[in-house]
Structures are given as structure tokens and as C-alpha cells.
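Okay, so here's the structure we're looking at.
The values are calculated or read from the model by the stated rules, or taken from the named source; none is laboratory data. As the structure is a prediction and not an experimental result, all values here were calculated from the model. Ideal geometry is used to build each Cβ from the backbone, glycine not excepted, and the neighbour counts take in all protein chains shown.
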Amino acid sequence: MKTHPLTRRQMIARSAAALPAFAPHLAPLFADEKSRGFRIGACEWSLRKGDPSSMDLAREIGIDGVQVAMGTVENNDIYKEIRMIKGRVCEFHAKDGKFMLGEGRVDFKKVREAMDEIDYRGWIQIEAAAPANLITDYQAHLALLKTHFPLSA
């Protein structure tokens, strides 16, 4: 029998489909007062096309600790999605598909404006393409991000 590897998207979709079955078992883990500060970062992939299933799952589990790890992704209205999850972002991933940051479809000035509207001041991780060289390309990504997200802001 030949097996076929799953794509990342297929794995995420299958995992998301299984999560509701786990919700009743997760709720007791977060019921006591000691767990109130605990955070789980859910992938923003489930928010595509306005389907906030990760937030629905958080409400079902009954905890405030489920937040969203948000990525800047091409082909989506990322600026609207950022505003949609105000107060629920635990981190951002700066990425733009196969493009170097600033050379693709994501406008990081607009990302910054959306982040300012939701008062986000947390982590931003670089998760971007490095077509030439990992070190020099990530140095260029960092330089671009610093123009829109200066450390003093």
C-alpha cells in the first residue's frame, strides 16, 4: 500500500476538525485559578475568509488564554483580519509567501496601522523567504521591519 504525505494545509485542516472533540477535556485543565495566566497560541489559518473557529473553540473551552499567532499572509485581507482579532493576538509572524518582505503583496505600513488600531505591542517574528542567503536575507527583513516597527514605538 502506497502512502501519500500530507501537505501542511491538510494536516492543519485535519487537526482543526479534531479540536472540538478535545474541548470538553481541555476545559477542566484551565478551571482553577492558577491557570488563568496560561496562554495557548492558535494558528491564524483558521481565521481565513472570516471563519474565526479558533476563537469559537476558545469560548467553548471556557478560557481567556487561547490567543492567535497571527501571520501576515498574501492573498488575504490581513489588515481586516488583524482588526478582527483585537485583544487576542499573542504574536505576529512577518511573512509574505515566497517574496522578500517589502517586495511582495503585504504592505507592512498598513500592517503597522492595523496593529496600532488594536494596540498590539508584542512579539513580531520573521518567518520569511530567504532566496539568496539566510543571513543576509534575514538582515534585510529585519531592516525593513525596523522602519515600520521601531523599537522606541
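With the checklist (1) in contact (Cβ under 8 Å) with a residue 40 or more places away in the chain; (2) in contact with a Leu (Cβ under 6 Å, 6 or more places away or on another chain) in hand, flag the one item Glu81 doesn't pass.
(1)
Looking at this structure, is Gly87 touching a residue at least 12 places away in the same chain (Cβ under 8 Å), touching a strand residue (DSSP E or B) at 6+ places or on another chain (Cβ under 6 Å) and in a loop (DSSP other than H, G, I, E, B)?
On the way: touching a residue at least 12 places away in the same chain (Cβ under 8 Å): yes; touching a strand residue (DSSP E or B) at 6+ places or on another chain (Cβ under 6 Å): no; in a loop (DSSP other than H, G, I, E, B): yes.
No: the conditions fail for Gly87.
Which of (1) farther than 17 Å from Tyr79 by Cα; (2) in contact with an Asp or Glu (Cβ under 8 Å, 6 or more places away or on another chain); (3) surrounded by fewer than 18 Cβ atoms within 10 Å (Cβ to Cβ); (4) modelled with pLDDT under 90 does Arg105 not meet, given it meets every other one?
Here Arg105 clears every test but (1).
For the range 124-139, indicate whether the set of residues that are part of a helix (DSSP H, G or I) and within 24 Å of Glu81 (Cβ to Cβ) is non-empty.
Residues of the range 124-139 that are part of a helix (DSSP H, G or I), as a first pass: 134-139.
So of that shortlist, the ones also within 24 Å of Glu81 (Cβ to Cβ) come out as none.
Checked the range 124-139: no residue is part of a helix (DSSP H, G or I) and within 24 Å of Glu81 (Cβ to Cβ).
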